[in-house]
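Peer 1: Following this message is one structure expressed as structure tokens.
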Amino acid sequence: MERDWEKEAERIIDEERIHAILASTRVPELSEVEEILAKAGELKGLSLEDTARLLNVTDDDALERIFAKAREIKEAIYGKRLVLFAPLYVSNECVNNCLYCAFRRDNRSLPRRTLDFDEIREEVLTLEAKGHKRLLLVSSENPRKTGIDYLVRAIETVYNTRNGRGEIRRLNVNAAAMTTEEFRRLKEARIGTYQLFQETYHRETYKRAHPPGPKANYAWHLTAMCRAQEAGIDDVGMGVLYGLYDYRFEVLATLMHAQYLEREYGVGPHTISVPRIEPAENAPLAEKVPYPVSDRDFKKLVAVLRLAVPYTGIILSTRERAELRNELFTLGVSQISAGSRTAPGAYRKASDDSAPEGSQFSLGDHRSLDEVIYEISQMGYIPSFCTACYRLGRTGQDFMDLAKPGLIQQFCAPNAILTFAEYLEDYASHRTREVGWKAIQQHLNSLPNPKLRARTEELLGKIRNGERDLYL
């Protein structure tokens with residue numbers, strides 16, 4: 001018997017409670033902020049009430065303390081590594097009419113296409129030639145063209161495509177809400193994380209932003225993570241589109257959703273993404289953003305999410321301009337896209353245009369993968385293409401058991417170094433290789449465990465001698 005997904009959705013998000021918390025929460029004194037930050041330092045997350053208090057902070061000094069604690073917690077759990085990936089768009093032929101998206105069905109001027117499997121292979125070859133090892137497959141919703149059979153074959157195509165030493169080792173998927181049986185098929189196809197954004201947790205806003213179509217069903221969309229978990233996909237990623245509604249409500253709802261997943265399945269979100277609305281062709285809510293989020297508030301919400309859900313991977317896309325992205329790297333972000341294109345087939349065209357024909361939205365960061373790696377290496381971070389946890393079965397509860405107390409770093413740091421070394425040897429520009437090897441030596445020296453450092457050095461030597469895909 002099919003579950004009542006509407007009732008389940010009501011269990012997940014209690015709008016009345018969120019509004020009541022926001023209405024009763026005042027701007028905290030600095031001493032109160034310090035008390036909440038001390039709780040956050042225990043790496044056990046924050047309550048909805050404490051999260052709301054931090055979201056009300058406006059004082060510059062208090063904000064800087066929040067930012068510093070977010071940086072401390074991110075580095076306590078994941079170290080100085082930043083995981084890199086690229087989105088792979090396979091279709092923009094959508095049956096939905098979402099008012100913030102250029103893919104909406106009423107956008108008659110958008111060139112439409114769905115990649116065939118040879119075209120997917122060509123896109124992957126192009127991305128592999130740049131050094132990518134992790135991709136996010138993104139598909140619009142169109143049951144006739146991009147249903148589960150298409151997605152499964154697309155996943156197989158990606159994994160089976162090799163370009164010299166290039167290969168995709170982890171493929172995450174961002175696709176429409178599915179049935180439990182469809183999620184089982186995704187699991188069998190060896191996806192990494194299943195990712196789906198609620199866009200907005202506020203029901204009335206959701207209804208206004210989603211005219212009739214499959215995605216207009218709020219409850220079915222919200223409960224997708226339940227069906228994914230029940231199908232065995234224990235790494236799930238969520239997020240909202242900031243700008244559709246009050247960002248404070250959205251952060252609390254995201255936390256409420258994360259807490260529900262922990263209660264019901266013992267596993268919170270593997271990732272939380274933080275996209276803001278960007279210009280998109282013929283998308284009314286992108287042309288006039290209902291609830292604009294300033295850069296200052298955006299930095300605050302990213303930092304507060306890190307404090308409230310310390311174990312999660314916070315994903316930052318190339319929607320944001322490079323300068324702001326560099327700032328956000330220090331505020332809790334742990335995964336980033338680089339060298340992105342948001343139109344099907346756009347990588348093969350090798351265009352520097354920020355919005356190729358058929359794009360979902362405009363990009364803010366136009367740097368290549370190599371340029372991003374060069375800059376973050378100079379900033380003291382270690383770029384990572386690591387996929388070891390996924391391939392060794394450290395997912396779901398096993399991953400959380402290591403991430404929550406900060407133990408995952410014993411794998412993250414060495415594996416980041418090893419995958420970065422592969423990139424430097426096979427793909428990096430001369431200047432990036434020079435800066436990168438200096439960064440590797442610095443991060444290697446900072447590994448606290450002598451045995452782990454020695455083992456990492458041993459594997460580094462093998463990589464420099466031509467071996468690949470070595471990890472702990």
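Peer 1: Out of curiosity, is residue 230 over 20 Å from the mean Cα position of the chain (by Cα) and charged (D, E, K, R)?
Peer 2: For residue 230, the condition - over 20 Å from the mean Cα position of the chain (by Cα) and charged (D, E, K, R) - is met.
Peer 1: Among the residues of the stretch 134-175, count how many are in contact with an Asp or Glu (Cβ under 7 Å, 6 or more places away or on another chain) and of a type in the set (Lys, Arg).
Peer 2: Matching residues across the stretch 134-175 total 2.
Peer 1: While we're looking at this one, here's another question. Filter the stretch 444-454 for residues that are under 16 Å from residue 420 (Cα atoms) and surrounded by 13 or more Cβ atoms within 10 Å (Cβ to Cβ) and give the result.
Peer 2: Scanning the stretch 444-454 gives 444, 447, 453.
Peer 1: Also, I was wondering about something else. Being under 23 Å from residue 359 (Cα atoms) and either buried (at least 24 other Cβ atoms within 10 Å of the Cβ) or small (Gly, Ala, Ser) (or both) is the requirement here; does residue 266 meet it?
Peer 2: Judged against the criteria, residue 266 is not a match.
Peer 1: Exactly one of these conditions fails for residue 420: (1) more than 12 Å from residue 377 (Cβ to Cβ); (2) under 23 Å from the mean Cα position of the chain (by Cα). Give me its number.
Peer 2: Checking residue 420 against (1) more than 12 Å from residue 377 (Cβ to Cβ); (2) under 23 Å from the mean Cα position of the chain (by Cα), the one that fails is (1).
Peer 1: Got a sec? Which of 37, 99, 55, 46 is within 30 Å of residue 338 (Cα to Cα) and touching a Lys or Arg at 6+ places or on another chain (Cβ under 7 Å)?
Peer 2: The conditions single out 55.
Peer 1: Please work out which one of (1) of a type in the set (Gly, Ala, Ser); (2) at pLDDT 95 or above; (3) in contact with a helix residue (DSSP H, G or I) (Cβ under 8 Å, 6 or more places away or on another chain) is the condition residue 339 fails and give its number.
Peer 2: Among (1) of a type in the set (Gly, Ala, Ser); (2) at pLDDT 95 or above; (3) in contact with a helix residue (DSSP H, G or I) (Cβ under 8 Å, 6 or more places away or on another chain), the lone unmet condition for residue 339 is (2).
Peer 1: A follow-up question, please. Filter the stretch 190-215 down to the residues that are more than 30 Å from residue 285 (Cα to Cα) and surrounded by fewer than 20 Cβ atoms within 10 Å (Cβ to Cβ) and list them by number.
Peer 2: 190
Peer 1: Moving on to the next point. Do you know which residues across the stretch 176-207 are within 21 Å of the chain's Cα centre (by Cα) and over 16 Å from residue 222 (Cβ atoms)?
Peer 2: 186, 187, 189, 190, 191, 192, 193
Peer 1: Against the condition farther than 29 Å from residue 433 by Cβ and β-branched (Val, Ile, Thr), how does residue 304 come out, does it pass?
Peer 2: The answer is yes for residue 304.
Peer 1: Additional query: How many residues are under 19 Å from residue 129 (Cα atoms) and β-branched (Val, Ile, Thr) if we restrict to the stretch 408-440?
Peer 2: Qualifying residue count for the region: 2.
For (1) at pLDDT 95 or above; (2) among the basic types (Lys, Arg); (3) over 24 Å from residue 169 (Cα atoms), each residue gets a yes or a no:
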site	(1), (2), (3)
421	yes, no, no
427	yes, no, no
438	yes, yes, yes
448	no, no, yes
452	no, no, no
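Peer 1: So which residues in the stretch 227-261 are among the small types (Gly, Ala, Ser) and within 24 Å of residue 27 (Cα to Cα), if there are any at all?
Peer 2: Residues satisfying the conditions are 243, 253.
The values are calculated or read from the model by the stated rules, or taken from the named source; none is laboratory data. Every value quoted in this text rests on a predicted model; they were computed, and no experiment measured them. Quick reminder, even Gly has a Cβ in these numbers, built from the backbone with ideal geometry, and neighbours come from all protein chains shown.
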